[in-house]
1. Tell me the GluC sites (Glu not before Pro) within region 41-132 that lie in a loop according to DSSP and have at most 12 other beta-carbon atoms within 10 Å.
2. For the chain, what's the relative contact order in percent, using C-alpha pairs closer than 8 Å and at least 6 residues apart?
3. List the pairs from K86/K218; K87/K221; K151/K193; K129/K200; K70/K138; K57/K152 whose alpha-carbon separation is above 23 Å, in the order I gave them.
4. Taking a probe of 1.4 angstrom, what is the accessible area of H103 in Å², to the nearest 10?
5. At 1.4 Å probe size, with the rest of the protein present, what percent of the exposed accessible area of region 31-190 is carbon and sulfur atoms?
6. Need the full-extension length gain, Y184 to K34, defined as separation in residues times 0.36 nm minus the C-alpha distance. One decimal, nm.
7. Heavy atoms only, probe 1.4 angstrom, no DNA, RNA or ligands counted: give me V275, V102, V198, V3 ranked by accessible area, highest first.
8. Stretched out fully, how many nm does the piece from R132 to S224 gain, at 0.36 nm a residue minus the Cα gap?
Amino acid sequence: MPVKINSYGGYGIWFFRRYYSQYTSKFILTSVEKIRRKKINNYITRFCQSERIPDFKFIMLETVNRCNGKCHFCPANIYDEARPYKKMPDELIDKIIMDLKVHNWKGTFFPQVNNEPFIDKRLPDILRKIHRELPDVKICIISNGTLLDIKKLQEIAPYVSDLTINDYSEKYWLSKNCRELYLYVKRHKEEFKNINIVIKRRYDGEILATRAGNAPNKTRKNNSVSSPCIYLFTDIIIFPDGKVGMCCNDCKETTFMGDANTTSIFDIWGGQKFVQLRTAMRNGRTAIPFCRECDVIDAGSREKVIESE
């Protein structure tokens, strides 16, 4: 199916996520943790017992560290953003792509971390380059859709496997822009037959996870999720200046695992800093200061990948 709308259970669930989000957040996070805990622990055990360190499954590349969103739950919203503006040089993007190509890496490539990817006007060219040099890599984009129009959608469609548009609003129905995109794709299915597009109805004031204690609208920090986090074992995150961060919840770019400007990202992934953190994470989040207030549970993408192994 070229396009579909995800409402997270319809209006009833959306109503609770808006008006009772503090409670639904805690219920969902603790419930999902219990369901996935065994699977995650088993994968972490296999990872740590492997003769060679398994490759990361996901790479997230923040080409520009800015978002135009107003989401209350995100530290990168236009009101709470505190990072100095950075844009990744073309040379560094090329170097990272070559690192992946030389290693014959196959996985999922996200051209964003905590930013809105369509702010970077180079995005179509970056996607084209990734697709050309890494034809077996799956390219996924997550966007708020506000800068996306039909022309831009047509431009990226040949290169992207999955496009998720989070339609943030205070109302249940789709925004005008997303509605236009939805109707166009429905009427031109053949044009978008190779890209999966999901438009998600989202409430921009919802209380979600703490994001390592940085979520602006969650005053109560993590008090219910303690099991190990999967991200250290599946994801590598690269900020615009080439610094590799600990995970995508480092919204303020405070962690440092290595420098992709001067070091292969695979050497960083297998380096001592990551090894030490993974060893600590086996005992749970409280073993790592950065993770103690974090109750993020992956939405399911990582679990699907480790299930297939």
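The values are calculated or read from the model by the stated rules, or taken from the named source; none is laboratory data. These numbers were taken from a predicted model, which means no experiment stands behind them. For neighbour counting, all protein chains shown are included, and Cβ atoms are generated from backbone atoms with ideal geometry for every residue, glycine included. Only protein heavy atoms, including side chains, enter the accessible area calculation; ligands, DNA and RNA are left aside. Shrake-Rupley method; radii C 1.70, N 1.55, O 1.52, S 1.80 Å.
1. Values: sites: E51, E62, E81, E91; in loops: E51, E62, E81.
Hits after loop and neighbour filter: E51.
2. On the way: 543 pairs, mean separation 80.8, N = 309.
After rounding, I find 26 percent.
3. Working: K86/K218 27 Å; K87/K221 31 Å; K151/K193 16 Å; K129/K200 28 Å; K70/K138 29 Å; K57/K152 28 Å.
Correct reply: K86/K218; K87/K221; K129/K200; K70/K138; K57/K152.
4. 70 Å²
5. Values: 4210 of 8080 Å².
The C+S portion of the solvent-accessible surface of region 31-190 is 52 percent.
6. Working: separation 150, 0.36 × 150 = 54.00 nm, distance 4.05 nm.
Here the segment from Y184 to K34 would lengthen by 50.0 nm.
7. Details: V275 50, V102 130, V198 25, V3 5 Å².
Descending order: V102, V275, V198, V3.
8. On the way: separation 92, 0.36 × 92 = 33.12 nm, distance 4.42 nm.
The span from R132 to S224 would gain 28.7 nm if fully extended.
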